[in-house]
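What follows is one structure encoded as C-alpha cells, with my remarks underneath.
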Amino acid sequence: MLAASSALYAQTGVAPDGFAEGLASRVAESIAEVWRVSPHRLHLEWGRMTLEHELPADVPFRLVGRGTDGWFAVAFTPSQRSTAAVRVRAGIEDTVVVATRPLAAGTQLAPGDFERTVRVRWRPPRAQPEALPDIGWQIRRPVAAGVELSSPAVSQPYVIAAGEPVRFTWSRGTVQVSVFGVALNAARAGDQVRARVEGRSGHVTGIATATGMAKLTGGSR
C-alpha cells in the first residue's frame, strides 16, 4: 500500500511528484466528465503523495466521490498488489460578489458595499444561473471585507409584501390571463406567493417574478 497525505501543494495545478506526463490530465478529464464541463476550465489542487515508483500515464484509477464540496479521492492501482491514493480539490473560475467593507446584519447592500470579481469556486458548476447580489439585497449575517456574498449571509429583497396587491399572469400561445389579488405572504423572486382575490373564496398561488408580479400556478376554493 502506498500512502498519501491530504496536505496540498501551494500552487494550483501542480501534480504530485511521481506522476508520469499525461496522468494528471487524465484525472482532470474524468472530473470534467463528472461535472460535465471542459477539462480546460478546471483548477486542481493536489494532495501530497510519497511513491516508491512513478505512476505511468496509463495507470488504472477511479474517482471516489462526486466532488460536491470540491473534493475527490483518486485511487490508483498500478498493480494487483499495490494501490495508491491522493486527494484532489477541483474548482472552476466564476464571477462572484465580495464585500468591500464590513457589513452589518439587518442592513441592505448599498453602492460601494461590494464589487464583482473572478474567483475559483471549489465546488461543481451551478446547475442553473444564479442572481448575483446587488443593491437592495438584505444582509442576514455579519460579513467581513473581502468575503464572498452568498446565501445564507445575504438574500434577495422581497418583491411582494403581505397585504400588497399582486398581479398573477398565465399564458399559453396567444392566450393570456391576468388575475389581481392581495398577497397573503411576503415573497422573494422565485418564492411561492398566495393571494386572496376579491369576490372569490379560497386563494390563488403563483411564483413571484418581479415587484408586485407573479406567474399563476394554481388556486383553491
Problem set entry | the range 182-220 - residue that is over 32 Å from the mean Cα position of the chain (by Cα) and of a type in the set (Lys, Arg) and, of those, surrounded by the fewest Cβ atoms within 10 Å (Cβ to Cβ) | 200
Problem set entry | Enumeration of residues in the range 146-191 that are aliphatic (A, V, I, L, M), without any contact (Cβ under 8 Å) to a residue 40 or more places away in the chain and under 23 Å from residue 135 (Cα atoms) | 153, 161, 162, 186, 187
For this session: For the range 167-181, enumerate the residues that are surrounded by fewer than 17 Cβ atoms within 10 Å (Cβ to Cβ) and over 23 Å from residue 156 (Cα atoms).
Result: 170, 171, 172, 173, 174, 175, 176, 177, 178, 180
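Is it the case, given these coordinates, that residue 153 is closer than 30 Å to residue 42 by Cα and more than 19 Å from the chain's Cα centre (by Cα)?
The answer is no for residue 153.
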For this session: Give the number of residues within the range 43-83 that are surrounded by 13 or more Cβ atoms within 10 Å (Cβ to Cβ) and of a type in the set (D, E, K, R).
Result: 3
Exercise. Can you name the number of the only condition in (1) at pLDDT 90 or above; (2) in a loop (DSSP other than H, G, I, E, B) that residue 12 fails?
Worked result: (1)
Problem set entry | So residue 154, is it surrounded by fewer than 11 Cβ atoms within 10 Å (Cβ to Cβ) and in contact with a strand residue (DSSP E or B) (Cβ under 9 Å, 6 or more places away or on another chain) | no
For this session: Among the candidates 173, 106, single out the residue that is under 31 Å from the mean Cα position of the chain (by Cα) and on the phi > 0 side of the Ramachandran plot.
Result: 106
Exercise. Are any residues in the range 94-121 without any contact (Cβ under 8 Å) to a residue 60 or more places away in the chain and hydrophobic (A, V, I, L, M, F, W, C), and if so, which ones?
Worked result: 96, 97, 98, 99, 103, 104, 105, 109, 110, 114, 118
For this session: Would you point out the residue of the range 192-221, among those that are touching a Lys or Arg at 6+ places or on another chain (Cβ under 9 Å) and basic (Lys, Arg), that is nearest to residue 130 (Cα to Cα)?
Result: 221
Seminar exercise, completed: Those residues of the range 76-116 which are among the hydroxyl-bearing types (Ser, Thr, Tyr) and under 30 Å from residue 26 (Cα atoms) amount to 77, 79, 82, 83, 95
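Looking at the range 105-130 only, could you name the residues that are within 22 Å of residue 68 (Cβ to Cβ) and part of a loop (DSSP other than H, G, I, E, B)?
122, 123, 124, 125, 126, 127, 128, 129, 130
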Problem set entry | Residue that is farthest from the chain's Cα centre (by Cα), among those in the range 17-60 that are under 16 Å from residue 90 (Cβ atoms) and in a loop (DSSP other than H, G, I, E, B) | 38
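The values are calculated or read from the model by the stated rules, or taken from the named source; none is laboratory data. All figures in this text were calculated on a predicted structure; none of them were measured in a lab. No Cβ is skipped: glycine too gets one built from the backbone with ideal geometry, and neighbour counts run over all protein chains shown.
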